[in-house]
Each structure stands twice: as C-alpha cells, then as structure tokens.
1. Residue check, residue 81 against (1) modelled with pLDDT of 90 or more; (2) outside any helix (DSSP H, G or I); (3) not hydrophobic (A, V, I, L, M, F, W, C), all met but one. Which one?
2. Of the residues that sit in region 61-78 and are of a type outside the set (A, V, I, L, M, F, W, C) and surrounded by fewer than 13 Cβ atoms within 10 Å (Cβ to Cβ), which one is modelled with the lowest pLDDT?
3. Filter region 10-29 for residues that are of a type outside the set (Gly, Ala, Ser) and modelled with pLDDT under 70 and give the result.
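The values are calculated or read from the model by the stated rules, or taken from the named source; none is laboratory data. Just so we're clear, the structure is a prediction, and the values are computed from it rather than from any experiment. Neighbour counts run over all protein chains shown; Cβ positions are idealised from the backbone, glycine included.
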Amino acid sequence: MLATQPAPFIEHLKSRLGLNPDELPEPGEWADAGNTIGMLALRMNLLTVEQIDQVLEIQEREGTARRFGEVAESLGFLSHRQVARLLAIPIDQSGPGTRSAARLVRPH
C-alpha cells in the first residue's frame, strides 16, 4: 500500500516524524488530493469527507475565527498530536490555492 504514496512523503513520515513502518498511514482514495491540512488528513485516512465538511461549515458559520485543526480537534475528529504531525508535513507552496499548513492551527 505504501507504494501508492510519493517516496518523499513516505521518507518524511519515517524520518522527520519518527514513524515506524507499521505506523505509516494507509493511503485513502483521496491520496492525490491537495495539500491543505484537511486534504492531508483525508489522504491519510484520519478524516472523512463528511468530517471535513462539518469542520468547514463551522468555520463558515463562525467566520473562520478558529483554524481548521482547532475545530477538528474540538469535535474530536483529530487529536492534538495528529494536528501537530499534520502541520509538520511540508507543503508545496507553488501550486495555486495551496495554503501553509502552519496557518491552519494556532500554536498552543
């Protein structure tokens, strides 16, 4: 299953985040989606499309006062550790519409 993930992404998960091979996420059907924290979580099977929609609806209703990771954590969809690990993944800023993962959750 890991063969479907890009090699640099797998190497990053193993080296920088200190994950063992058995801790590596199984790629989901959205493995080729964008690079926002929600899309990264979806690709890693940490969130469902429905959960992402719920987070985005709350952000829209609240005027995006809280960051995506904060809302996902408050709903119990992601743990603080999962959010921190997602934020540690480098994001390619060259593509249109991509956002820096570090801006999606305020530091605690």
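1. (2)
2. 64
3. Listed by number, the residues that qualify are 27, 29.
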